[in-house]
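Have a look at the structure below, then the notes.
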Amino acid sequence: MKHKIILDCDPGHDDAIAILLAARHPQIDLLAITTVAGNQAVEKTTHNALKVCSLANIRTVPIAMGMARPLLRPARHAANIHGLSGMDGPHIPEPDLALSPIHAVDLLIQLLLASAGDITLVPTGPLTNIATAIKQEPAIVPKIKAISLMGGAIGVGNVTSSAEFNIWVDPEAAAIVFNCGRPITMVPLEVTHQALATPAIVARLRAAQQPVATFAADLLVFFAETYQHVFGFAAPPVHDPCAVAAVIDPTIIQAKHMPVAIETVSELTAGRTVCDLYGTSSQPPQVRVGYALAVERFWEMVISTLLNS
Ligand code: BDR
Ligand code: CA
């Protein structure tokens with residue numbers, strides 16, 4: 001059975017790999033790509049989604065542009081990691097695909113309302129589009145089969161010591177999504193920091209001498225440079241495809257249900273995903289939180305899918 005998904009993203013080097021995995025994996029039916037401000041301004045992340053899909057010949061999936069700024073806060077981007085374009089590094093031809101005329105939030109609402117309740121949302125950027133759709137049309141909530149999101153951390157964050165980037169950008173949106181009552185899998189930094197694009201992984205992609213795999217390798221080389229520069233990592237964590245992989249094969253992550261609250265008030269810890277690992281709160285364990293990744297299976301899935309494109 002194919003999993004119907006909508007990928008809500010902010011490309012972004014790792015979002016680009018998530019798009020390729022979602023569009024090409026035989027067990028995924030990618031209904032739409034919706035874009036949001038995050039790694040860069042929404043016009044840039046949208047342009048990047050169009051570029052990726054043009055290059056990879058993904059022509060039947062609608063691409064809709066979404067929210068330009070978080071619900072309550074100013075827009076904040078990650079040029080230090082993804083560059084001024086949001087996807088610096090490889091030379092990519094201008095896209096020859098048209099943007100959907102529908103706003104991403106309206107497309108999310110339309111697709112969910114028309115569905116049989118069988119669509120999984122896969123957000124790999126700030127949660128502004130999903131939260132706005134829920135606020136605008138609460139009837140979509142029971143139609144969401146599940147949410148598999150890249151974001152948050154059980155422990156240390158990556159943009160502050162408390163918060164991971166996607167949740168930190170729009171904590172108010174995250175609070176709406178995390179409390180929507182639908183099944184949520186959170187794929188946090190503890191998981192994605194195991195998905196390291198080592199030189200051996202990049203070499204496997206290059207060895208294929210295929211345009212899509214070469215593009216992915218070029219993305220990862222730029223990503224490696226900024227991760228080395230900013231965090232001192234020897235290899236970059238390829239966060240976003242992990243959330244897609246967790247839909248294709250839920251056993252690819254080890255996870256535990258627990259209550260997760262989003263900090264929206266404190267300046268010091270804004271955007272923290274407060275994970276109640278030991279059940280000390282009286283809250284229901286509403287989130288399935290990943291804590292480990294089957295690393296070899298993950299790369300096998302990603303590389304074989306990219307090489308078959
Ligand atoms: C997340 O932030 C972005 O920079 C990446 O695309 C990923 O979604 C990691 O914190
Ligand atoms: Ca992202």
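Key figures for this structure:
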read-out	value
Shape category assigned to the range 210-306 from the gyration tensor of Cα positions, a/c cut at 1.5	oblate
Net charge of neighbours whose Cβ lies under 13 Å from the Cβ of residue 4, counting Lys and Arg as +1 and Asp and Glu as -1	+1
Cα-projected label distance for residue 59 with residue 225, points at 7 Å along beta-carbon direction, nm	3.3 nm
Student exercise, the chain dipole from Lys, Arg, Asp, Glu Cβ charges, in Debye to nearest 20	440 debye
FRET efficiency estimate (nearest 0.05) - Cβ-Cβ, residue 274 to residue 43, R0 30 angstrom	0.35
Semi-axis lengths (Å, descending) of the ellipsoid that matches the C-alpha gyration tensor of the range 179-261	28, 16, 10
Pairs of lysine residues in the chain - Cα separation under 29 Å, sequence separation of 8 or more or cross-chain	17
Helix-only mean residue ellipticity at 222 nm for the chain, each DSSP H run of n ≥ 4 adding -39500 (n - 2.57), per residue, nearest 500	-11000 deg cm²/dmol
Debye intensity ratio in log₁₀ form over the Cα atoms of the range 124-282, taken at each q of 0.14 Å⁻¹	-0.78
Peptides ranked, highest mean first, by Cβ atoms within 10 Å: ranges 163-169, 13-19, 257-263, 179-185	13-19, 163-169, 257-263, 179-185
Extension reserve of the residue 208-residue 91 stretch, reckoned as 0.36 nm per residue once the Cα distance is removed	40.2 nm
Other-chain or far-sequence residues with amide H under 5 Å of residue 184's (modelled H)	147, 288
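Every number in this text was worked out from the coordinates using simple rules, so none of it is lab data. What you see is a predicted model; the values in this text were computed from it and never measured. Glycine also receives a Cβ, built like all others from the backbone with ideal geometry; neighbour counts cover every protein chain displayed.
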